[in-house]
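Here is the structure we will look at, set down as structure tokens.
Bear in mind these aren't lab numbers, they're just calculated from the coordinates by the rules spelled out. Keep in mind it's a predicted model, so treat the numbers as computed, not measured. For neighbour counting, all protein chains shown are included, and Cβ atoms are generated from backbone atoms with ideal geometry for every residue, glycine included.
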Amino acid sequence: MPGSSIGKLFSVTTYGESHGPAIGCIIDGCPPMLQLTEQDIQVELDRRRPAQSKYVSQRREPDRVQILSGVFAGKTTGTPIGLQILNQDQRERDYADLESTYRPGHGDYTYQQKYGIRDHRGGGRASARETALRVAAGAIAKKFLREQLDINFAAQVVQVGNVVADLASMQEHVAEVRSDGDSIGAKLQLIISNVVAGLGEPVFDRLHADLAHALFSINAVKGVEFGAGFACVTARGSEFNDPITMDGFTSNNAGGTLAGISTGQDIVANIAFKPTSSIPTPTESINSNGDPVKVATKGRHDPCVGLRAPAIVEAMAAIVICDHVLRHRGQNGNFK
């Protein structure tokens, strides 16, 4: 299955399905001598873990990570790092009716068309369960970047539906939507701070292009914008350009990159998550014979996938930034 890897020097490959025995990943290119323990990774996984509140999926997975390779005496060795997380709370019976039925908004139909076979248990490979490995790999990238360059990542939910900013009101809105048998979308904001200038490769591997690719690879992401984003459509150049003075930039409409290369300012991105596809409200669809059916999804699903997404967003950004840091060092040496 091509497309299960990301990164050129800091490379991450994930494997496993939602209701298989385990999920895991291989991280290649991590520099040696980085102090690393399972707890360094676990603290990030706990941020993403389900069943921590009534507003998220109640699938009870401890998400305990195991380091299988690439670490000796508490330090990375420079060899591939193998990570594994066991699946311990599968409920295959919740998906028995979906073996020959396609859920609207999900990957059921497209996986069947592409491969001629699919794992219908919780979406199989298309499940957001896979993102636990992204968070685990991202934890390693974040630790390296924090210790080497003091680069930090912070993502937060800033909007749910029409509710902006206030967390309590956003959670209340999610509860209302769930009681209606429905789901709701969300917007997250990502800020990468203390970014060194010079990251990114012009033309095809622009930094913001690679970041967008990574963020769009997250389940349910439907929109990514940097800096002022789509507001540039109505702005004039005199309003949108970020003036440069002896003391630095006076604004950040560009979102932290110019010509695909980091400016040294914060990288700022907004990410739009669609409403969860799996809902108990009956929706029109077809089965594998092409017959019309009504699909009402059972099981344990997030009414708003964005609530557990901050750790995933940060992880994907960290993987990209770590990859570009190593690429920059390989071509240009240390940073100025």
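Work out the FRET efficiency for Gln88 and Ser4 from their Cβ-Cβ distance, taking R0 = 30 Å, and round it to the nearest 0.05. So the FRET efficiency works out to roughly 0.85. Taken as Cα centroids, the stretch 299-336 and the stretch 105-165 sit 10 Å apart, rounded to the nearest whole angstrom. Taking a point 7 Å from the Cα of Thr13 along the Cα-to-Cβ direction, none of the residues of the stretch 121-139 has its backbone N closer than 13 Å to it.
Applying 1/(1 + (r/R0)^6) with r as the Cβ-Cβ distance of Met33 and Ser217 and R0 = 41 angstrom yields a FRET efficiency of 0.85.
The angle between the Cα long axis of helix 131-149 and the longest principal axis of the Cα atoms of the chain comes to about 10 degrees, rounded to the nearest 10. Within the listed set Ile218, Ile184, Ile286, the residue fluctuating most in the Gaussian network model of the chain (springs between alpha-carbon atoms under 10 angstrom) is Ile286. Cβ crowding within 10 Å, taken as a proxy for footprinting-reagent exposure, orders Cys30, Cys322 from fewest neighbours to most as Cys30, Cys322.
Between Gln189, Gln148, Gln171, find the one with the highest GNM mean-square fluctuation for the chain; connect C-alpha pairs within less than 10 Å. The residue that fluctuates most here is Gln148.
Here is how the number arises for the chain: DSSP H runs of 4 or more residues each give -39500 (n - 2.57), the sum is divided by the residue count, and the result at 222 nm is -8000 deg cm²/dmol. Helix 310-332 and the longest principal axis of the C-alpha atoms of the chain enclose an angle of approximately 40°. Extending 7 Å from the Cα toward the beta-carbon at both Lys75 and Ala197 defines two label points whose distance is 3.4 nm.
Applying Stokes-Einstein at 25 °C and 0.890 mPa s to the Kirkwood radius of the chain, computed over alpha-carbon pairs, gives a translational diffusion coefficient of 116 µm² s⁻¹. Over all pairs of different C-alpha atoms in the stretch 201-258, the reciprocal of the mean inverse distance, the Kirkwood hydrodynamic radius, equals 13.0 Å.
Label sites at Phe230 and Asn252, each approximated as a point 7 angstrom past Cα along Cα to Cβ, lie 2.2 nm apart. Fewest-first ordering of Ile6, Ile191 by other beta carbons within 10 Å of each residue's beta carbon gives Ile191, Ile6.
Extension gain for Asn289 to Asn334 (0.36 nm times residue separation, less C-alpha to C-alpha distance): 10.2 nm. Ranking of Leu307, Leu36 by neighbouring Cβ atoms within 10 Å, starting from the fewest: Leu36, Leu307.
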